[in-house]
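A.B. asks: Take a look at this one; I'll ask things after.
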Amino acid sequence: MKTALLFPGQGSQTVGMGRDLAEAFPFARDTFAEADDVLEMDLRKIMWEGPEPVLTSTENAQPALYVHSIAVWRVLESVLGPISVAAGHSLGELSAHGASGTYSFADGLRAVRIRGELMAGAGKVQKGTMAAILGLSPEEAEDLCAKGREAGHVVVAANLNADGQVVVSGEVAGVAWIAENAAGAGAKRVLPLNVSGAFHSPLMAPAAEAFAAHLATVEMSDPTFPVESNVLATSVTRAGPVADLLVRQLTSPVRWKACVEDMVSQGAERFIEVGPGSVLTGLNKRNAKGLQTHSTGTVEAIAALDVSPAA
């Protein structure tokens with residue numbers, strides 16, 4: 001059975017994340033300890049005790065998600081067998097490359113922390129926001145955003161998650177325009193998101209420029225299994241384009257539906273969500289109908305895959 005991996009993005013973090021993994025699996029416990037040493041901060045305390053506003057801040061949420069995902073991957077790696085392809089949603093793409101060995105755990109973690117800081121900083125300089133649009137296809141949402149831009153607003157379809165689930169991003173007035181006009185385009189609901197900036201929009205350009213400078217210092221190798229690019233919705237097998245694609249991702253849409261469809265076209269038969277929560281597992285009910293998808297963010301969920309705590 002060809003196994004594909006899915007790595008969650010920002011929004012999947014919860015206070016207490018990973019504590020049970022550290023108690024049950026030595027590989028996970030060592031990963032959390034290593035992360036604290038690399039960042040020279042008590043990330044475990046933030047992940048396990050919060051408070052929630054501290055954990056959900058972009059500069060903390062992103063490294064917390066990366067560390068949790070890599071901890072789960074280190075537990076699963078020896079029992080899943082060969083991996084055919086992997087994909088990560090936004091921040092999750094960096095976790096996927098970390099799992100595939102494109103860069104070291106430490107280099108990836110430092111890059112993720114810097115990415116979060118840069119994105120939060122860009123959000124303070126250029127105020128923006130995001131909202132989930134329910135009931136529109138990615139194509140319909142992109143058409144609506146195009147009309148918003150024609151009306152003079154900065155707004156884009158940022159997360160093309162699935163038919164009926166798209167997130168838009170841009171200046172506050174632009175997202176408000178979308179909310180006012182969404183029903184007329186056929187949308188069922190508009191849900192404002194509690195974010196610190198307009199991620200995956202042109203407003204992230206300052207963060208992208210600074211992130212490019214950092215990634216230029218990171219040593220990269222060819223991934224041990226293909227990793228889908230959020231920007232291209234095709235898999236990357238060489239180190240060469242990785243840095244550029246991760247930079248472009250900050251100002252480009254996350255083409256998630258197309259990424260999963262590309263994985264299915266490559267023969268993926270089973271999906272494993274590696275990290276906290278089950279957001280991507282839920283989306284796969286639409287994006288990969290009929291195929292198995294398992295979340296593995298907790299000891300209980302991993303036990304369902306017959307992975308022993310002694311792994």
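The values are calculated or read from the model by the stated rules, or taken from the named source; none is laboratory data. Because the structure is predicted, anything quoted here is derived from the model rather than measured. Because the Cβ atoms are built from the backbone with ideal geometry, glycine has one as well, and the counts that use them run over all protein chains shown.
A.B. asks: Does region 187-205 hold any residues that are more than 17 Å from GLU59 (Cα to Cα) and touching a Gly at 6+ places or on another chain (Cβ under 6 Å), and which are they?
C.D. replies: ALA187, LYS188, SER201, LEU203
A.B. asks: Now for a separate question. Taking region 289-304, which residues are crowded, with 22+ Cβ neighbours inside 10 Å and part of a loop (DSSP other than H, G, I, E, B)?
C.D. replies: Correct list: THR296, GLY297.
A.B. asks: Right, next: Would you be able to say whether some residue in region 160-173 is assigned to a helix (DSSP H, G or I), out of contact with any helix residue (DSSP H, G or I) (no Cβ under 8 Å at 6 or more places or on another chain), touching a residue at least 12 places away in the same chain (Cβ under 8 Å) and not assigned by TED's automatic domain parsing to the domain that holds VAL260?
C.D. replies: yes
A.B. asks: Here is a further query. Picking from GLY108, GLY135, which residue would you name as being surrounded by 17 or more Cβ atoms within 10 Å (Cβ to Cβ) and touching a Lys or Arg at 6+ places or on another chain (Cβ under 6 Å)?
C.D. replies: Unique residue meeting the criteria: GLY135.
A.B. asks: Still on this structure: Assuming MET47 fulfils every condition listed in (1) surrounded by fewer than 24 Cβ atoms within 10 Å (Cβ to Cβ); (2) more than 26 Å from ARG270 (Cα to Cα) apart from one, which condition is it?
C.D. replies: (1)
A.B. asks: Pick from region 20-41 the residues that are farther than 18 Å from GLY297 by Cα and touching a residue at least 60 places away in the same chain (Cβ under 8 Å): which of them is surrounded by the most Cβ atoms within 10 Å (Cβ to Cβ)?
C.D. replies: Across region 20-41, the extreme among qualifying residues is VAL38.
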